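The values are calculated or read from the model by the stated rules, or taken from the named source; none is laboratory data. If you're wondering where the values come from, they're calculated on a predicted model, not measured in any experiment. As a convention, Cβ positions derive from the backbone with ideal geometry for all residues, glycine included, and neighbour counts pool all protein chains shown.
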Amino acid sequence: MATLEIKGLHVEIEGKEILKGVDLTINTNEIHAIMGPNGTGKSTLAQAIMGHPRYEITSGSVTLDGEDVLEMEVDERANAGLFLAMQYPSEVAGVTNADFLRSAINAKREEGDEIPLMSFIRELDAKMDTLEMHEDMATRYLNEGFSGGEKKRNEILQLMMLKPKFAILDEIDSGLDIDALRIVSKGVNEMRGENFGCLIITHYQRLLDYITPDHVHVMMQGKVVKSGGPELAQKLEAEGYDWLQQELGIEA
Ligand code: ADP
Ligand code: MG
Ligand code: MG
């Protein structure tokens, strides 16, 4: 089992404190969802964990099996087993999707232990089938002219091929129609297991109808203010956030 532990995380953007002490522990074999109103710092949390330079960590820690993630360069974080949907370049001229994936996989492996081309192709074919992706998506240039839905599917393809220990999926559901949502969820559900933990950030409960989380957390004003099981997401969907703000004495 691997553990990603976030403790007392405070993060500022341009001198303004956005995260005000976030605590969260995610183990492999667990899917966690973070919900919460817009502007409460959900994406800030994802970006800070992945090392976006704009986000300044003023205190707290993020560790992966005890290793200090915040000390690592962005590519070291990926090599240590973290994956953030959206972490990869939006468009890469002249590099096909398949080439990009193969280099990303090989970058995580030891020199001399590169993935054999045939196994790579076989695995890529199988996963593209699962995600109902057209085969020409492999030979197209990365993200060039991909539709919104194709980009999201491709992010899940990257996830399935790279097999990180932990993935952070920030609003992977935004702009997806029901078919695309179902397929993207199928990919994430296929990853579930002993070697995979996931943090799903979503504004809507809809995605959680397809990917049942083990733990649900609500973030408000830069903190995790409530945690529970899947029923918490359902209650938020039905009743909104007002009851929780009242319960906690937070101004809307
Ligand atoms: P969420 O994902 O929960 O909607 P964000 O983490 O995106 O929230 O944003 C939290 C707060 O930080 C918001 O008040 C937002 O305006 C601010 N913020 C986010 N990104 C930036 C940025 N790059 N520069 C300045 N302020 C930002
Ligand atoms: Mg648990
Ligand atoms: Mg966000």
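Among the candidates I57, I34, I18, which residue alone is more than 16 Å from ligand 3 (Cβ to nearest atom), surrounded by 16 or more Cβ atoms within 10 Å (Cβ to Cβ) and not in a helix (DSSP H, G or I)?
Values: I34 fails: more than 16 Å from ligand 3 (Cβ to nearest atom); I18 fails: more than 16 Å from ligand 3 (Cβ to nearest atom).
It is I57.
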Across (1) closer than 23 Å to M50 by Cβ; (2) surrounded by 15 or more Cβ atoms within 10 Å (Cβ to Cβ), I115 clears everything bar (1)
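For the range 188-207, how many residues meet the condition of being buried (at least 21 other Cβ atoms within 10 Å of the Cβ) and either within 16 Å of ligand 2 (Cβ to nearest atom) or farther than 21 Å from A2 by Cα (or both)? Walk me through it before giving the result.
From the range 188-207, those buried (at least 21 other Cβ atoms within 10 Å of the Cβ) are 188, 196-202, 207; that's our starting set.
Now restrict to residues that are either within 16 Å of ligand 2 (Cβ to nearest atom) or farther than 21 Å from A2 by Cα (or both): 196-200, 202, 207.
Number of matching residues: 7.
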Hey, P230 away from ligand 3 (no atom under 16 Å from the Cβ) and buried (at least 19 other Cβ atoms within 10 Å of the Cβ) or not: no
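Whether any residue in the range 65-73 is small (G, A, S) and closer than 20 Å to S227 by Cβ is what I want to check.
Within the range 65-73, the first condition is being small (G, A, S), and the residues that meet it are 66.
Okay, now just the ones that are also closer than 20 Å to S227 by Cβ, so none.
Within the range 65-73, none of the residues are small (G, A, S) and closer than 20 Å to S227 by Cβ.
Go over the candidates I211, I250, I168, I183 one by one and state the one that is surrounded by 15 or more Cβ atoms within 10 Å (Cβ to Cβ) and within 16 Å of ligand 1 (Cβ to nearest atom).
Values: I211 fails: within 16 Å of ligand 1 (Cβ to nearest atom); I250 fails: surrounded by 15 or more Cβ atoms within 10 Å (Cβ to Cβ); I183 fails: within 16 Å of ligand 1 (Cβ to nearest atom).
Only one candidate passes the filter, namely I168.
To keep it simple, each residue is scored yes or no on (1) closer than 21 Å to I121 by Cα; (2) under 13 Å from the mean Cα position of the chain (by Cα).
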{"position": "K163", "(1), (2)": "yes, yes"}
{"position": "L176", "(1), (2)": "no, no"}
{"position": "D179", "(1), (2)": "no, no"}
{"position": "S185", "(1), (2)": "no, yes"}
{"position": "N195", "(1), (2)": "no, no"}
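State all residues of the range 135-149 that are in contact with a Lys or Arg (Cβ under 9 Å, 6 or more places away or on another chain) and either among the acidic types (D, E) or at positive phi (or both); if no residue qualifies, say none. Don't jump to the end; show me each part of the working.
In the first step, residues of the range 135-149 are kept if they are in contact with a Lys or Arg (Cβ under 9 Å, 6 or more places away or on another chain); the result is 137, 143, 146.
Answer for the range 135-149, where residues must be in contact with a Lys or Arg (Cβ under 9 Å, 6 or more places away or on another chain) and either among the acidic types (D, E) or at positive phi (or both): just N143.
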When you check E110 against the structure, is it more than 18 Å from E144 (Cβ to Cβ), of a type outside the set (A, V, I, L, M) and within 16 Å of ligand 1 (Cβ to nearest atom), yes or no? no
Are there any pairs, at least 6 apart or on different chains, whose C-beta atoms fall under 6 Å, with the first in the range 10-36 and on the phi > 0 side of the Ramachandran plot and the second part of a strand (DSSP E or B) and away from ligand 1 (no atom under 15 Å from the Cβ), and if so, which? G21/G8
Looking only at the range 118-143, and only at residues there that are part of a helix (DSSP H, G or I) and of a type in the set (A, V, I, L, M, F, W, C), the one that is surrounded by the fewest Cβ atoms within 10 Å (Cβ to Cβ): M118
Checking G197 against (1) free of Cβ contacts under 8 Å to residues at least 24 places away in the same chain; (2) closer than 22 Å to G81 by Cβ, which single condition isn't satisfied? (1)
Looking at L24, L45, L4, which one is under 24 Å from R109 (Cα atoms) and either within 16 Å of ligand 3 (Cβ to nearest atom) or assigned to a strand (DSSP E or B) (or both)? L4
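So that you can scan it fast, the table gives a plain yes or no per residue for (1) at pLDDT below 95; (2) farther than 27 Å from M1 by Cβ:
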| position | (1), (2) |
| --- | --- |
| I26 | no, no |
| E30 | no, no |
| G39 | yes, yes |
| V74 | yes, no |
| E111 | yes, yes |
Residue set N27, N38; condition more than 16 Å from ligand 1 (Cβ to nearest atom), closer than 18 Å to I200 by Cβ and not hydroxyl-bearing (S, T, Y); output residue N27
